[in-house]
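We did not get these values from a lab; they are worked out from the coordinates using the rules stated. No experiment lies behind these values; they were computed from the predicted model shown. Here the Cβ positions follow ideal geometry from the backbone for every residue, glycine too, while neighbour counts run over all protein chains shown.
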Amino acid sequence: MQPKDINQIFEIFSKLNPKPVTELSYSNHFTLLVAVLLSAQSTDIGVNKATKRLFENYDTPQKMLELGEAGLKNYIKTIGLFNTKAKNIMALSELLVKNYDSQVPDTIEELIKLPGVGRKTANVVLCSAFGKAAMPVDTHVGRVAQRVGLSKGKNPEQIEKDLMDNIPKKWLYDAHHWLVLHGRYICLARKPRCEICPISNYCEYYRANIL
């Protein structure tokens, strides 16, 4: 895809949604980290329902440790893989208290050292908590990037690199949010809503399959 077309795509996204944000509810860096970890293979809506009461009372690593793993499970039992996620949240809370003065680190190298935190989760935290240019690649971002023609990558790492290399720097801080929202509400997995897509004129999938 030509650089001018990539720039135009994000120009359109920017005009439609100038200040995109994550749809996960959180109150600080720690609750964002927990919410993102919980969102793996789950919906943001489901996570927000489960964490509303949790975060009202347990919004720091120390408070989470005081709640305990069994107590945490009672709050998040409606979320997929909650047993494993609860174990990881307790373990990362302990590490944050012990090694990071209860503060969430702001580099990908340190974040991925935390239990249950992979590259995607770390990049979401870097974007949303610290305002850094990063590109978390979830199923929505990967699907949109490949369909539209922003990446030819076959795995999340390749797609991340393509997007970081190809998207103009002025859009990188918000690009992840725009791509997620586009995949969640318009570029659907089974039946993309090309008829209402604002970037269809620049989309390789649309040109090949719809026109």
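Give me the percent relative contact order of the chain, please, defined on Cα pairs under 8 angstrom at least 6 residues apart.
Values: 257 pairs, mean separation 42.3, N = 211.
Normalised by residue count, the contact order of the chain is 20 percent.
Taking the chain as a Gaussian network, Cα atoms linked when under 10 Å apart, which of 191, 170, 87 shows the biggest mean-square fluctuation?
191
Please rank 113, 169, fewest neighbouring Cβ atoms within 10 Å first, as an exposure proxy. Walk me through the intermediate numbers first.
Details: 113 15, 169 8.
So the residues, fewest neighbours to most, are 169, 113.
Residue by residue, what Karplus-based ³J(HN,Hα) values in Hz, rounded to whole numbers, does region 78-86 have, using 6.51, -1.76 and 1.60 with θ = phi - 60° and x for Gly and Pro?
The phi angles translate into 7, 9, x, 6, 5, 5, 5, 5, 4 Hz.
I need to check one value: relative contact order of region 2-75, counting alpha carbon pairs closer than 8 Å and at least 6 residues apart, in percent. Could the numbers behind the result be given before it?
Details: 38 pairs, mean separation 18.7, N = 74.
Once normalised by length, the contact order is 25 percent.
Based on the Kirkwood radius over alpha-carbon pairs, what value in µm²/s does the Stokes-Einstein equation return for the translational diffusion coefficient of the chain at 20 °C and 1.002 mPa s?
The Stokes-Einstein estimate is 119 µm²/s.
Highest mean first, what order results for 55-61, 131-137, 18-24, 121-127 on Cβ atoms within 10 Å?
Working: 55-61: 17.1, 131-137: 19.7, 18-24: 14.1, 121-127: 23.9.
Sorting 55-61, 131-137, 18-24, 121-127 by mean packing, highest first, produces 121-127, 131-137, 55-61, 18-24.
Measure out, as a whole number of angstrom, how far apart the alpha-carbon centroids of region 26-101 and region 162-211 sit.
Taking the Cα centre of each part, region 26-101 and region 162-211 sit 31 Å apart.
Given the convex hull of the Cα atoms of region 29-128, what is a quarter of its surface area in nm²? Provide the component values of the computation, followed by the final result.
Numbers: hull surface 21.6 nm².
Directional mean of the projected Cα hull area for region 29-128 stands at 5.4 nm².
What FRET efficiency do you get for residue 19 and residue 41 if R0 is 35 Å and r is their Cβ-Cβ distance, rounded to the nearest 0.05? Intermediate values should be presented prior to the final figure.
Values: r = 28 Å, r/R0 = 0.80.
For residue 19 and residue 41, the calculated efficiency is 0.80.
Where in region 70-90 does the label zone of residue 49 land, with the point 7 angstrom along Cα→C-beta and an amide N cut-off under 18 Å?
Under 18 Å, as judged by backbone N against the label point of residue 49, lie 73-83 of region 70-90.
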